[in-house]
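Asker: I am attaching a structure below and will ask some questions about it afterwards.
The values are calculated or read from the model by the stated rules, or taken from the named source; none is laboratory data. Please read these numbers as outputs of a predicted model, since none were measured by experiment. Heads up, the Cβs are rebuilt from the backbone with ideal geometry, glycines too, and the neighbour counts pull from every protein chain shown. Just so you know, the surface numbers come from the protein's heavy atoms only, side chains and all, with ligands and any DNA or RNA stripped out. Shrake-Rupley method; radii C 1.70, N 1.55, O 1.52, S 1.80 Å.
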Amino acid sequence: VPFFVIFYISAYFLVFYTLWELEEWEPFAAGMLLILTITNILFFFFPGEIIRPTIINKDIWAVLLSWIYTLDKPHNLFPSLHISLSFMSSLVLNKKVAYFWFILIAFSTLFTKQHYFFDILGGLLVGAIGFTFYQSLKKKQ
């Protein structure tokens with residue numbers, strides 16, 4: 001579903017919006033770095049690949065999806081960084097709109113053929129780890 005590419009791209013905006021909303025960004029950044037570290041270790045030891053469909057439509061959503069397919073190679077699937085980072089962001093924001101935004105991002109990873117369902121589960125776990133680390137740092141302040 002090419003239209004969902006807009007939600008896929010919006011994952012980056014959710015992370016930056018979270019930074020914008022926080023008074024102290026350091027614990028959030030530390031949680032994000034932990035997510036990136038865990039994820040890249042898993043990418044190294046368990047590389048994955050997804051088979052994407054050929055895009056034949058030429059509307060704006062298909063063009064954006066083609067652009068994503070060009071920039072974001074079909075490797076490094078498990079866990080989904082889009083899920084991990086946006087899940088942690090939505091937990092930190094703790095607002096209904098952030099949770100809804102996250103759900104749209106989660107569906108977008110499947111509907112744009114960027115990830116498999118198992119990648120989402122892994123992303124949720126790693127995002128929860130990052131959030132737990134964020135909370136522990138916040139308590140120390």
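Asker: As an exercise: evaluate Leu14 against (1) within 14 Å of the chain's Cα centre (by Cα); (2) in a loop (DSSP other than H, G, I, E, B) and give the number of the one condition it does not meet.
Answerer: (2)
Asker: List the pairs whose first member sits in the stretch 47-62 and is closer than 10 Å to Lys113 by Cβ, whose second member is open to solvent by 100 Å² or more (accessible area, probe 1.4 Å), and whose Cβ atoms are under 7 Å apart, counting only residues at least 6 apart or on separate chains?
Answerer: Every condition considered, the pairs that remain are Ile50/Tyr116.
Asker: Going through Lys73, Lys113 one at a time, which residue ends up being basic (Lys, Arg), more than 24 Å from Glu21 (Cβ to Cβ) and in contact (Cβ under 8 Å) with a residue 12 or more places away in the chain? Talk me through it step by step, then tell me what you get.
Answerer: Values: Lys73 fails: in contact (Cβ under 8 Å) with a residue 12 or more places away in the chain.
From the options Lys73, Lys113, the qualifying one is Lys113.
Asker: Right, another one. Kindly provide the set of residues from the stretch 18-39 that are crowded, with 20+ Cβ neighbours inside 10 Å and either polar (S, T, N, Q) or part of a loop (DSSP other than H, G, I, E, B) (or both), ordered by number.
Answerer: Residues satisfying the conditions are Thr18, Thr39.
Asker: Quick one: is Ser80 surrounded by 20 or more Cβ atoms within 10 Å (Cβ to Cβ) and either at pLDDT below 90 or in contact with a His (Cβ under 8 Å, 6 or more places away or on another chain) (or both)?
Answerer: yes
Asker: Which members of the stretch 81-121 meet the condition of being more than 30 Å from Glu24 (Cβ to Cβ) and among the aliphatic types (A, V, I, L, M)?
Answerer: If the condition is that a residue be more than 30 Å from Glu24 (Cβ to Cβ) and among the aliphatic types (A, V, I, L, M), then Leu110, Leu121 are the ones that fit.
Asker: For the stretch 40-51, give me each residue that is open to solvent by less than 50 Å² (accessible area, probe 1.4 Å) and either part of a helix (DSSP H, G or I) or of a type in the set (Lys, Arg) (or both).
Answerer: Passing the criteria: Leu42, Phe43.
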